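Here the structure comes first, spelled out in structure tokens, and everything after it is commentary.
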Amino acid sequence: MRRKGDEPIPGFRLVERLGRGAFGEVWKATGPGGTWAALKFISLFRKAGWKEFRALQRIKQVRHVHLTPITGIWLADDQGRVLDQACWEPLAWQEQTDASLPAELASLVPTEVIVAMPLGEKDLAARLAECRAAGQTGIPLAELLGHMKDAAEGLDYLNTPRHDLGDGPLAVQHGDVKPKNLLLLGGSVQVCDFGLARVLSSDGTTTGIGGSPAYVAPECLRDRKPSLTADQYSLAITYVELRTGELPFDDTSHFAILEAHVRGSLNLTRLPPAERAVVARATAQDPSTRFAN
């Protein structure tokens, strides 16, 4: 069990736990030279952990002012020992294929991924909670539009086929855009948490689905093929929630939310007419009729 004061990676000392989920936890830490950092610990006991590790490996070199940079990735065993980077690819390959490892790697059993990132101030879900506690419906419009512009610029950069990940210029889909993954840092927003990032093929599609049910695009559910504009759809749902304080569903049960996505029966009536028209296009059932960026 991790404790305050532990040093899981040389130079990084844990200060306090910021959150815990099904597959791991995030800690505030001091980094080399006394800088602040966030350390995310991801369990590898389920395939979802390996999937996130591979996603992070794909995009660790992608840089944009509105994308949270990954400043370090490590694999560690159950004793907390950091494994040499030369072991990573064979270990990940073996996990995918269940093939035998070379003898010199057979004793290495990674149990978690550790990711270092800059420490943000708060996410937009927390900012919404602040506004609602102050008696406001949602985040004030002038502030929210600035945050959405930042997020959109980061996602446009990610979604554009310009990233050389070893196979020529490709686009990347974030796959899990929501208020908790939009981080405030110095008054600007950075898109964070790339654990579901997918490389998009030349026709603008990728395989597999992921994301949080309240924000997932209908093509991910209906066709199991996220489109180039799936992140745009998720950002539009995020806008509705942050603007109105509520998600655009009449029934918030799990099945009803998925049904609303697939049928295109989102409730946008809480938005003013002009905003409603923009969000309606961004959440169109046909991905090709959404905005170009």
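Some notes on this structure:
- Local electrostatic count, L18, Cβ distance below 13 Å [Lys/Arg +1, Asp/Glu -1]: +3
- Dipole axis of the chain (+1 Lys, Arg; -1 Asp, Glu on Cβ), positive-most option in L183, V199, T68: L183
- Separation of the alpha carbons by more than 26 angstrom is noted, of K4/K51; K28/K225; K40/K60; K149/K178; K4/K178; K28/K180, for K4/K51; K28/K225; K4/K178.
- Carbon and sulfur %, accessible surface of the chain computed with the full protein complex present, 1.4 Å: 53 percent
- Rounded to the nearest 20 debye, the dipole size of the chain about its Cα centre is 460 debye, using +1 on the Cβ of Lys and Arg and -1 on the Cβ of Asp and Glu.
The values are calculated or read from the model by the stated rules, or taken from the named source; none is laboratory data. Model, not experiment: these values are computed from the prediction. Because the Cβ atoms are built from the backbone with ideal geometry, glycine has one as well, and the counts that use them run over all protein chains shown. In case anyone asks, the SASA skips ligands and DNA or RNA and just uses the protein heavy atoms, side chains included. Shrake-Rupley method; radii C 1.70, N 1.55, O 1.52, S 1.80 Å.
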